[in-house]
């Protein structure tokens, strides 16, 4: 996956864009896309006056479309995390005509192409540092759409009791978080630490899933046994 193509650059601060007349929906989209790039670059402490200057518009025009900075940040969340989510990923995880390892590889490799972009990674990081709720909302979303379904499929793969017999344990969820944490760390290396990856991302995901499944086969049966009253 090419990393350079994923970085969204803004015009240099000394050369703001000339103001253009746009239809309302086009202006809305322009502001939203510029906000994504701006906050990914400078974080959520970035001043909307500077965003307006870079766009070549007035700050009041931005607030005509987004009545507050919080509303603009909400739109950024919708653009980056909700708007880029592919519902098909959920069907990949639950497609039992395909072995679980192949499903996990397919999902995480495709997901990485979206989640390891410059704006996705840096906005998520800045959100956590500033205390915005983007992180909590997205992690809740990820748990329900990815982690819990994987836990269910993993139990089936291992011939273990379903959630109706043995409720899902937090230890199982934490094991699966480990995959997502590894994937996100690759993004941090690329877009926060500026540390190039020495292996191809798909190769790293191959290793991660293989190691996860080997460990899960040993650990999850014991976790379920220990959770029973």
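The values are calculated or read from the model by the stated rules, or taken from the named source; none is laboratory data. All values reported here derive from a predicted model rather than from experimental measurement. Positions of Cβ are backbone-derived with ideal geometry, glycine not excepted, and every protein chain shown enters the neighbour counts.
A compact table of results
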{"item": "Selection count, the stretch 140-150, where residues are under 16 Å from residue 89 (Cβ atoms) and under 13 Å from the mean Cα position of the chain (by Cα)", "result": "5"}
{"item": "Qualifying positions in the stretch 204-223 - more than 24 Å from residue 187 (Cβ to Cβ) and out of contact with any helix residue (DSSP H, G or I) (no Cβ under 8 Å at 6 or more places or on another chain)", "result": "214, 217, 218, 221, 222"}
{"item": "Helices (runs of 4 or more DSSP H) wholly inside the stretch 113-229 that include at least 2 residues being over 30 Å from residue 45 (Cβ atoms)", "result": "148-157, 170-191, 201-227"}
{"item": "Some residue of the stretch 120-141 being surrounded by fewer than 14 Cβ atoms within 10 Å (Cβ to Cβ), without any contact (Cβ under 8 Å) to a residue 12 or more places away in the chain, touching a helix residue (DSSP H, G or I) at 6+ places or on another chain (Cβ under 7 Å) and within 23 Å of residue 187 (Cβ to Cβ)", "result": "yes"}
{"item": "Close pairs (6 angstrom Cβ cut-off, 6 or more residues apart or separate chains): at pLDDT below 95 in the stretch 143-162, assigned to a helix (DSSP H, G or I) anywhere", "result": "none"}
{"item": "Qualifying residue in the stretch 94-106 (condition: within 11 Å of the chain's Cα centre (by Cα) and either surrounded by 14 or more Cβ atoms within 10 Å (Cβ to Cβ) or modelled with pLDDT under 95 (or both))", "result": "no"}
